[in-house]
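The values are calculated or read from the model by the stated rules, or taken from the named source; none is laboratory data. Remember, predicted model here, so these are calculated numbers, not experimental data. Counting neighbours? That spans all protein chains shown, and the Cβs are built from the backbone with ideal geometry, glycine included.
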Amino acid sequence: MPHSDTLAVHAGEPGLDRRDASITPDITVGSASGYPDLAALDAAMAEHRGYGRWGTENHRQLEAAVASLEANGLDGRLDAVAVGSGMAAIAVALMSEMNAGDHLVAAHDCYGTTITFLRDDLSRFGITSSIVDFQDLDTVRAALTDRTRILLCEICTNPLIRVPDLEVLAEIAHQAGALLVVDNTVPTPALSQPMRWGADVVIYSATKNLSGHADVIGGVVVGRPSWVDGARAFARTFGPTLGPFDAWLTLRGIRTLAVRMARHTGNALQLARFLERHPAVSRVNYPALESSPFGARANRLLPGGAGALLSFELAGGKPALEAMLPRLRLVRLMPSLGSVVTTLSHPASTSHRGLDPTERARAGIGDGLVRCSVGLEHSDDLLEDFQRALTSS
């Protein structure tokens, strides 16, 4: 099996089975194909081809690439279905598996909109959920019922970058007859393959580092082919279709995923160490730090590094943050992550604004918390930018 770096460059690429075949995939922009007769139309419909909502060649190339990256080093083949956003990936993964009356257990430090979806939307379909601390395994076990079908968590939580014990969580899920569903958006398959540790389904927001250039909204769900068949059938009917150009852009981003994530990770560790030493900073969350309580687990589950995302709190709280922001020259404030440039976000105002104050406090989201998605700038310039902004504030 090729190394993941090589897979990222070649996985899902078009074949050379036509004259003058392009090494760059074509983009399928038509919403539907035409056929010469009823027999040809019937054959296409039977195979779910020829209609954009069912996916195009761009979707199939992207799905093959992500499945190959996630399956690297595993026994057996994986498949994937590409959808219109990371939240669409969450919805497809959960709703294709669960029925009214079923139950799931989710980590309380999942992405804020995921919690909002479970609390406000999924419940309207008769699916109940328990939101608990996945670092407390006894609490996870206690939350299980005879209708529990899914355990849901993130491998690097957003924004506190906590790392759960996937191996034990997989045991807990499987003993209960449930699936372990893991959101691997932050590390990407360049740094982590959760199925190595027992996950059954892996979710990506392709909006983030997978595409990597802040120009895509998309999502991907990965699993065993027999399971993905059901998820794909649900997605075709439910309709969270990814645009073909977004599929094309995501595959283009994957071509540089390995080298980007190496640079992101190196820069993030340097910045985390710098911030940890700075007197204006009261706390830094990054699992590769020597001081992190998740260090040993991160070394095992994330041997290639902990990714681009870290978070920190300023000693002066939100007022200090408001003073620091205008002094930054390279770093942008935006409500997303995973771009080539370094960005900051304020979780209480963005990703977790849908939670009430009690829920935010339980998830560790204070008004002074800052999330940083570290980009590809030269580390010296990045550290200088933060040094100036923090010293001035």
* Asked: If you take the residues of region 191-212 that are within 12 Å of the chain's Cα centre (by Cα) and of a type in the set (Gly, Ala, Ser), which of them is farthest from Gly86 (Cα to Cα)?
  -> Ser192
* Structure fact -> Reported set for region 287-303 where residues are surrounded by 15 or more Cβ atoms within 10 Å (Cβ to Cβ) and either under 26 Å from His213 (Cα atoms) or among the aliphatic types (A, V, I, L, M) (or both) is Pro287, Ala288, Leu289, Ala298, Leu301, Leu302
* **Hits in region 123-141 - residues which are crowded, with 22+ Cβ neighbours inside 10 Å and assigned to a helix (DSSP H, G or I)** => Val140
* To do: Pairs only if they're at least six apart or on different chains, beta carbon under 7 angstrom, first in region 118-134 and assigned by TED's automatic domain parsing to the domain that holds Met95, second surrounded by fewer than 16 Cβ atoms within 10 Å (Cβ to Cβ); list them, first residue then second.
  => Phe125/Ala100; Gly126/Ala100; Gly126/Gly101; Ile127/Ala100; Val132/Thr139; Asp133/Thr139
* Structure fact -> When every residue in region 239-265 that is closer than 13 Å to Ala89 by Cα and either at pLDDT below 95 or not hydrophobic (A, V, I, L, M, F, W, C) (or both) is compared, the one surrounded by the fewest Cβ atoms within 10 Å (Cβ to Cβ) is Gly239
* Yes or no: Val186 part of a loop (DSSP other than H, G, I, E, B) and outside the structural domain of Val374 (by TED's automatic domain parsing)? -> yes
* To do: Quick one: which residue in Ala93, Ala80 is of a type in the set (A, V, I, L, M, F, W, C), in contact (Cβ under 8 Å) with a residue 24 or more places away in the chain, outside any helix (DSSP H, G or I) and closer than 17 Å to Ile203 by Cβ?
  => Ala80
* To do: Filter region 345-361 down to the residues that are surrounded by fewer than 19 Cβ atoms within 10 Å (Cβ to Cβ) and farther than 17 Å from Arg283 by Cα, then identify the one that is modelled with the lowest pLDDT.
  => Gly354
* Asked: Just one of the numbered conditions (1) without any contact (Cβ under 8 Å) to a residue 60 or more places away in the chain; (2) touching a Cys at 6+ places or on another chain (Cβ under 9 Å); (3) among the β-branched types (Val, Ile, Thr) is not true of Ile150; which one?
  -> (2)
* Asked: Right, Ser226: within 14 Å of Ala80 (Cβ to Cβ), surrounded by fewer than 18 Cβ atoms within 10 Å (Cβ to Cβ), in the same structural domain as Leu62 (by TED's automatic domain parsing) and of a type in the set (S, T, N, Q) or not?
  -> yes
* **Any hit, region 103-113, residues being over 18 Å from the mean Cα position of the chain (by Cα), surrounded by 20 or more Cβ atoms within 10 Å (Cβ to Cβ) and farther than 15 Å from Glu359 by Cβ** => yes
* To do: Please go through region 362-391 and pick out each residue that is among the acidic types (Asp, Glu) and either in the same structural domain as Ala206 (by TED's automatic domain parsing) or part of a loop (DSSP other than H, G, I, E, B) (or both).
  => Asp367, Glu377
* Every residue from region 304-324 that is surrounded by fewer than 20 Cβ atoms within 10 Å (Cβ to Cβ) and touching a residue at least 60 places away in the same chain (Cβ under 8 Å) -> Gly304, Gly316, Ala320, Ala323
* Can you tell me which residues in region 33-77 are under 20 Å from Pro240 (Cβ atoms) and outside any helix (DSSP H, G or I)? -> His48, Arg49, Gly50, Tyr51, Gly55, Thr56
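This table checks each residue for (1) out of contact with any helix residue (DSSP H, G or I) (no Cβ under 9 Å at 6 or more places or on another chain); (2) modelled with pLDDT of 95 or more; (3) outside the structural domain of Gly338 (by TED's automatic domain parsing).
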| position | (1), (2), (3) |
| --- | --- |
| Arg277 | yes, yes, no |
| Val284 | no, yes, no |
| Pro287 | no, yes, no |
| Ser292 | no, yes, no |
| Gly304 | no, no, no |
| Ala315 | yes, no, no |
| Glu322 | yes, no, no |
